[in-house]
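**Student:** Sharing a structure, written as structure tokens. Questions coming.
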């Protein structure tokens, strides 16, 4: 009798947890669409941080050869793409994310292979002047990956999120800095 009551209680708790999770995912999707429609241009005006191959912004009057080095890395996009994929997949373990190739249709927590394919398509000669958008649910943070760049831009990240991103990019040989 004790076992059957315990199993019944556990079953009811598990069912309500699953329902809450489905409800939260739905609310996240609705919240994202409404919030993005209302605030995307405002979001792009918020403070932003850069995830980059370099530890800080290169000064305009630098004596180095920044553009040649950037072109070198852009010619080796698959390696950089893999780093971005690994960072975003690990980040997706901690937060829900919506991904969009056009800013209009969004996919909640895409399969790892789908995220990899989307990033690869953009980083490896994707549509000219195109960007891939990754919106972090409940964080109100937008990550933008530009097809002809060696970095990702994080708009409006919280300090907690920045700390997590810093930990995730370090093993990939990437850096986070504020312009």
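The values are calculated or read from the model by the stated rules, or taken from the named source; none is laboratory data. Here the structure is a predicted model, which is why all the values come from computation and not from measurement. Here Cβ is always computed from backbone atoms with ideal geometry, including for glycine, and neighbour counts include all displayed protein chains.
**Student:** Residue check, residue 82 against (1) surrounded by fewer than 15 Cβ atoms within 10 Å (Cβ to Cβ); (2) modelled with pLDDT of 85 or more; (3) out of contact with any strand residue (DSSP E or B) (no Cβ under 9 Å at 6 or more places or on another chain), all met but one. Which one?
**Tutor:** Condition not satisfied by residue 82: (1).
**Student:** What tally of residues in segment 151-163 results from selecting those that are crowded, with 18+ Cβ neighbours inside 10 Å and either in a helix (DSSP H, G or I) or at pLDDT below 90 (or both)?
**Tutor:** Of all residues in segment 151-163, those crowded, with 18+ Cβ neighbours inside 10 Å come to 151-157, 161.
Checking which are either in a helix (DSSP H, G or I) or at pLDDT below 90 (or both) leaves us with 161.
So the answer is 1.
**Student:** Any idea which of 95, 99 is over 18 Å from residue 52 (Cβ atoms), part of a loop (DSSP other than H, G, I, E, B) and under 11 Å from the mean Cα position of the chain (by Cα)?
**Tutor:** Of the residues listed, the single one that is over 18 Å from residue 52 (Cβ atoms), part of a loop (DSSP other than H, G, I, E, B) and under 11 Å from the mean Cα position of the chain (by Cα) is 95.
**Student:** Under 9 Å by Cβ, and 6 or more places apart or on different chains, what pairs join a residue from segment 156-169 that is under 17 Å from residue 52 (Cβ atoms) with one that is loosely packed, with under 12 Cβ neighbours inside 10 Å and modelled with pLDDT under 95?
**Tutor:** From residues that are under 17 Å from residue 52 (Cβ atoms), the pairs are 157/47.
**Student:** Being without any contact (Cβ under 8 Å) to a residue 40 or more places away in the chain and buried (at least 17 other Cβ atoms within 10 Å of the Cβ) is the filter; apply it to segment 110-120 and report the residue that is farthest from residue 131 (Cα to Cα).
**Tutor:** 110
**Student:** Quick one: how many residues across segment 42-74 are free of Cβ contacts under 8 Å to residues at least 40 places away in the same chain and either assigned to a loop (DSSP other than H, G, I, E, B) or more than 19 Å from residue 175 (Cα to Cα) (or both)?
**Tutor:** Initially, segment 42-74 is screened for residues free of Cβ contacts under 8 Å to residues at least 40 places away in the same chain, giving 42, 45, 58-69, 71-72.
Now drop any that are not either assigned to a loop (DSSP other than H, G, I, E, B) or more than 19 Å from residue 175 (Cα to Cα) (or both), which leaves 42, 45, 58-65, 68.
Here the count works out to 11.
**Student:** Within segment 164-179, can you find the residues that are in contact with a strand residue (DSSP E or B) (Cβ under 7 Å, 6 or more places away or on another chain) and crowded, with 18+ Cβ neighbours inside 10 Å? Give the derivation first.
**Tutor:** To start, the set of residues in segment 164-179 that are in contact with a strand residue (DSSP E or B) (Cβ under 7 Å, 6 or more places away or on another chain) comprises 165-166, 169, 174-179.
Scanning segment 164-179 gives 165, 169, 174, 176.
**Student:** Moving to a separate point now. Would it be correct to say that residue 176 is in contact (Cβ under 8 Å) with a residue 40 or more places away in the chain, outside any helix (DSSP H, G or I) and closer than 18 Å to residue 90 by Cβ?
**Tutor:** yes
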